[in-house]
Amino acid sequence: MSIEMPVNPARRSFLRHSALAGGGLVLGFYFNAANSAGHKVAKPGDAAETAFRPNAFINIDHNGTVTLISKQPEIGQGIKTSLPMVIAEELEVDWQDVVIVQGDLDPAYGSQSAGGSRSTPTNYEEFHRLGATARTMLIQAAARIWKLPVEELLARNSAVHHLPSGKQLSYAKLAATAAKLPVPPASAVRLKNPLDFQLLGTRIGGVDNPGIVTGKPLFGIDVQLPGLLYATYAKSPAFAGKVVSANLDEIKALPGVRDTFIIEGTSNLKGLLPGVAIIADSTWAAFSARKRLKVVWDEGKVTTQSWAGFTSKAQELSKQPGAEVLRNDGNVTQALADAAKTIEAAYSYPFISHASIEPQNATAWYKDGSIEIWAPTQNPEAGQKIVTEILGIAKDKIILHITRSGGGFGRRLIPDYIAEVAAIARKVSGPVKLTWTHEDDLQHDQYRAGGFHFLRGGLDSTGKLTAWHNHFVTFSHNVVKDGKSSLELGSGANLSGDEFPGRWISNCLIEQTPLECGIPMGPWRAPRSNVLAWVFHSFIDELAHAAGRDPLGFRLELLGNKGFLPGTGEKGIPYDVNRMKHVLHDVAEKADWGKKNFPRGQGQGIAFHFSHRGYIAQVAEVSVSKDGKLKVDKVVVSTDIGAQIVNLSGAENQVQGSVVDGLGALMFQELTIDKGRIVQSNFGEYPMLRIADAPTKIEVHFLKTDFPVTGLGEPALPPLAPAVCNAIFAATGIRVRRLPLLRTDLSWS
Amino acid sequence: MSKYTIKVNGVSKTVDVSADTPLLWVLRDHLHLVGTKFGCGIGQCGSCTVHIDGVPTRACLTPINDVGIRKVTTIEGLAFKGNHPLQQAWQELDVPQCGYCQAGQIMTAAALLKKSPHPTDQEIDTALAGNLCRCGTYLRIRAGIHRAVELAEQAMV
Ligand code: FES
Ligand code: FES
């Protein structure tokens, strides 16, 4: 059984080379006992030495196989296909000659965290240079062999050509010569003209698709090692509770159980929480023993916390001034008093889970003060860091293999499960795989925080928006640093005073009050934006209708003619108004905005949002039956993510996935907090969007603009919820102010 | 613990496990056939779907004890060369995102196509109602099944 076992030994040594050079860590074998050679450093004379390896990402061997390293973790966002495409484009290799291998965690690759839709923008330019540098060297190698000037040569289809004579030399034949050349300075490397791109912008299938459709071991949970043991880890249902006692003797005597022990852990919600580990011969033996486990927990103060309690506290707080002022322009009190019309509304949304289908898991093998880890992670650096903290092992004694992840959505940026497997492996001899149950996953997630917005808006007699007041009640943790405790906003639970429409209204007051809680919070696809866009574009829609204005026209007027808006202060967000207006006009045109005559029960809604460097506008078309059943008939998306779509198929898949994901969260997802724990435990109680509820059609338009190329894992999600809710209003007159949708009766007559 | 001999992808395999061990874990931990995925363990996500005598079945809810002499087919055994029309269509249309649910989607779809070689979108939605895709590839799944129908027809002429 192997995971992406490279077939050729030269490639294997290339893969292991840099990790070994850095740490000198050699542990037994990698996935397959027969392949321990994979850990040998290439010796002079090995095939690897005749291969051309201009940098850590490219290896061309004497057979012409081009191996490219994918440095970022693949979680379904398609980066393992798209970033290597950039190198292949500049390198002028045929895509079918390319083998892509997931890189381990290695400083040679630079940052390897996949989050914030940053993988593309932070690597795009550099990856062009990597490929172009290698191409330049291959041309130089041919020039040397033929004794011809480089100007007369060109690279194409994995070979260098001399057109006047018709001579050509394949990269396979050039590899050994190119390997001896010095790497040219950046000034001597010419990047391709985007007009000449042949690969970028085309539809390329995911590189792992053949393995996915035939069931090959690709994911963290698929890792198999000789002598592998299987672990489960029980934590306190009330967050961060401590273990008082457990029936360990009884558990130890159960069939298939090898060991069970208490891990004291820490109070770090993103690290190693206290719990009981059970180690067994198989996953099922571990899970079965877990059902008999009886633990007395010291649950602590968190048990006083509940969603009902948070909600009534938020109501109370809404009547007082906010704890913090995020923006205060003009005079909101006066403007509201002067307004021809004022509208007031309260919006709220619950905590939700990432609920990826592959539960958290990781495999680790501790041996002689070193540890080797296999993990489906978005953030291998964080995994390594937490292991150094917990086990006191130096970074260079940790090998971390990044496996494919069965979904990420931000969950796998947090390394709690890696901390757990490392702590477990420390006490087990041989390799051990920790698998969470889905119940563990739902009850010990790093949740998307809930929140409450209390909004007031004022319109003048011409229907212009003149005042905006928002009191945002959000969630924080009590953090103790250097003996001083303070409230720190939960990850993804913050709001910027710059957030649209903050900078656009002359009388604008945005306040914030944090509620203290002990519930883990973490980034959930398009953090903040995934809810803020819904709140603000729903309320703007309310105001547009109150003003008797077309929701598109109202928004365009609001955006105004300011062109480019710089951010306020250091943390402010620059905003290109023209780019947003461009996508807004485009989506309106493509969706025939305002041109369709819908019967009652059907309608269109519009929304836009800027996040993760992307400008996105959406129009949703919905049908709501008399008994309140919603069907999203069509969603039209217009995006501006810069000058180049890397992989058209992957990009379209991301946008469609974002729309479906946004719709699932909008329609169904909700967790209840009671007694400091999550009430729901599995998909049965936490419904997710199924195929019949997916929109009938999702139309995706990519505008090609002159701006830098940016990422697409997140920005297409936020506008979906408000577009759908605004369409529901157009169809039924019902305004949705609470998520999820199933909390609102949509029936009409 | 007892010995069970089951027939998986045409091959007889013997394992020594407790009677309540779900087929899912026998496949994954004992036979190292990991294409069949663990998602929820309670029959809600469909990522563990296999065929038992041709019927799509949740391996997480099927104790080894109940399998008996019936034939088990997993994603690894769906087509000898991995070229079932669905497997081809899935690659052609680039259906997967993370890919974790896709073995289950394909196994469920394969059973549907046996029963109904030209399914409508409605039939697809009904047959695949038990298969979650957290990444939201549902539109491409529908398109992939229609494409597989075409590929199967082309292969017949
Ligand atoms: S794992 Fe069997 S249905 Fe989810
Ligand atoms: S492709 Fe990720 S769950 Fe379906």
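Hey, which of these cross-link pairs are over 25 Å Cα-Cα: A:Lys433/B:Lys7; B:Lys3/B:Lys114; A:Lys596/A:Lys697; A:Lys294/A:Lys385? Violating the 25 Å limit, Cα to Cα: A:Lys433/B:Lys7; B:Lys3/B:Lys114; A:Lys294/A:Lys385. When both the stretch A:704-749 and the stretch A:547-588 are represented by their alpha-carbon centers, they are found 18 Å apart.
Within chain A, which DSSP H helices have Cα atoms that stretch 24 Å or more along the helix axis and a mean Kyte-Doolittle hydropathy of at least -1.0? The partial results should precede the final answer.
Numbers: long enough: A:119-146 (39 Å, -0.29); A:529-546 (25 Å, 0.67); A:648-667 (28 Å, 0.44).
Flagged H segments are A:119-146, A:529-546, A:648-667.
Gap in Å between the Cα centre of the stretch A:361-429 and the Cα centre of the stretch A:219-258? One Cα centre to the other: 17 Å.
Projecting the Cα atoms of A:Gln384, A:Thr466, A:Tyr447 onto the charge dipole of chain A (Cβ charges, centred on the Cα centre) puts A:Gln384 farthest toward the positive pole. Taking the C-alpha atoms only, the angle from helix B:102-115 to the longest principal axis of chain B is near 70 degrees.
About the Cα centre of the stretch A:352-424, what is the dipole size in debye to 20, counting +1 per Lys and Arg Cβ and -1 per Asp and Glu Cβ, all else neutral? Intermediate values should be presented prior to the final figure.
Working: 7 positive and 8 negative charges, 28 e Å.
With only Lys, Arg, Asp and Glu charged at Cβ, the dipole is about 140 debye.
Across all C-alpha atoms in chain B, the radius of gyration and Dmax reach 15.5, 51 Å.
Under unit Cβ charges (Lys, Arg +1; Asp, Glu -1), what dipole magnitude, rounded to 20 debye, does the protein assembly as shown have relative to its Cα centre?
Working: 92 positive and 86 negative charges, 161 e Å.
That gives the protein assembly as shown a dipole magnitude of about 780 debye.
I need the fraction of alpha carbon pairs in the stretch A:643-697 separated by more than 13 Å, rounded to a whole percent. It would help to have the intermediate numbers written out before the result.
On the way: 1015 of 1485 pairs.
Cα-Cα pairs in the stretch A:643-697 separated by more than 13 Å: 68 percent.
For the stretch A:346-432, the calculated P(r) over all alpha carbon pairs, in 10 Å bins from 0 to the bin holding the longest distance, is 18, 48, 22, 8, 3, 1 percent. Local charge for A:Tyr347 was computed over the other residues whose Cβ lies under 13 Å away, with Lys and Arg +1 and Asp and Glu -1, and equals +2. Considering the stretch B:83-157 at the alpha-carbon level, its Rg and Dmax are found to be 11.2, 37 Å.
Charge tally for A:Pro527 (other residues, Cβ to Cβ under 13 Å; Lys, Arg +1; Asp, Glu -1): +3. Summing charges over neighbours of A:Asp196, with a neighbour being any other residue whose Cβ is under 11 Å away from its Cβ, gives -1 when K and R count +1 and D and E count -1.
A quarter of the convex hull surface defined by the alpha-carbon atoms of the stretch B:115-157 gives 3.3 nm² as the mean projection. Counting only residues at least eight positions apart within a chain, or on another chain, the aspartates and glutamates with an alpha carbon under 13 Å from that of A:Lys71 are A:Asp104, A:Asp106, A:Glu126, A:Glu381.
Which listed residue (A:Ser623, A:Gln102, A:Leu584) has the Cα farthest towards the positive end of the charge dipole for the protein assembly as shown, taking +1 on Lys and Arg C-beta and -1 on Asp and Glu C-beta about the Cα centre? Sorting the options by dipole projection puts first A:Gln102. The dipole here belongs to the stretch B:85-155: it is taken about the Cα centre, uses +1 on the Cβ of Lys and Arg and -1 on the Cβ of Asp and Glu, and is about 200 debye. Any idea what angle helix B:138-156 forms with the longest principal axis of chain B, computed on alpha-carbon atoms, 0 to 90 degrees, nearest 10? The angle comes out at about 80 degrees. The residue among A:His128, A:Ala544, A:Ile343 whose Cα reaches farthest toward the positive pole of the charge dipole of chain A, with charges on the beta-carbon of Lys, Arg, Asp and Glu, is A:His128. Taking the inverse of the mean reciprocal distance over all distinct Cα pairs, the Kirkwood hydrodynamic radius of the protein assembly as shown comes to 29.0 Å. If you wrap the stretch A:424-547 in the convex hull of its Cα atoms and look at it from every side, the mean projected area works out to 11.5 nm².
Rounded to the nearest whole Hz, the Karplus-based 3J(HN,Hα) values (6.51 cos²θ - 1.76 cosθ + 1.60, θ = phi - 60°) of the stretch A:247-259 follow the sequence 7, 4, 4, 5, 5, 4, 7, 6, x, x, 7, 9, 6, with x at glycine and proline. Which of the three applies to the stretch A:47-139, rounded, prolate or oblate, going by the alpha-carbon gyration tensor with a ≥ b ≥ c and a/c under 1.5 meaning rounded? Because a/c hits 1.5 or more and a/b exceeds b/c, the stretch A:47-139 counts as prolate.
Computed from the coordinates by the stated procedures, all read-outs in this text should not be read as laboratory data. Here the structure is a predicted model, which is why all the values come from computation and not from measurement. Counting neighbours? That spans all protein chains shown, and the Cβs are built from the backbone with ideal geometry, glycine included.
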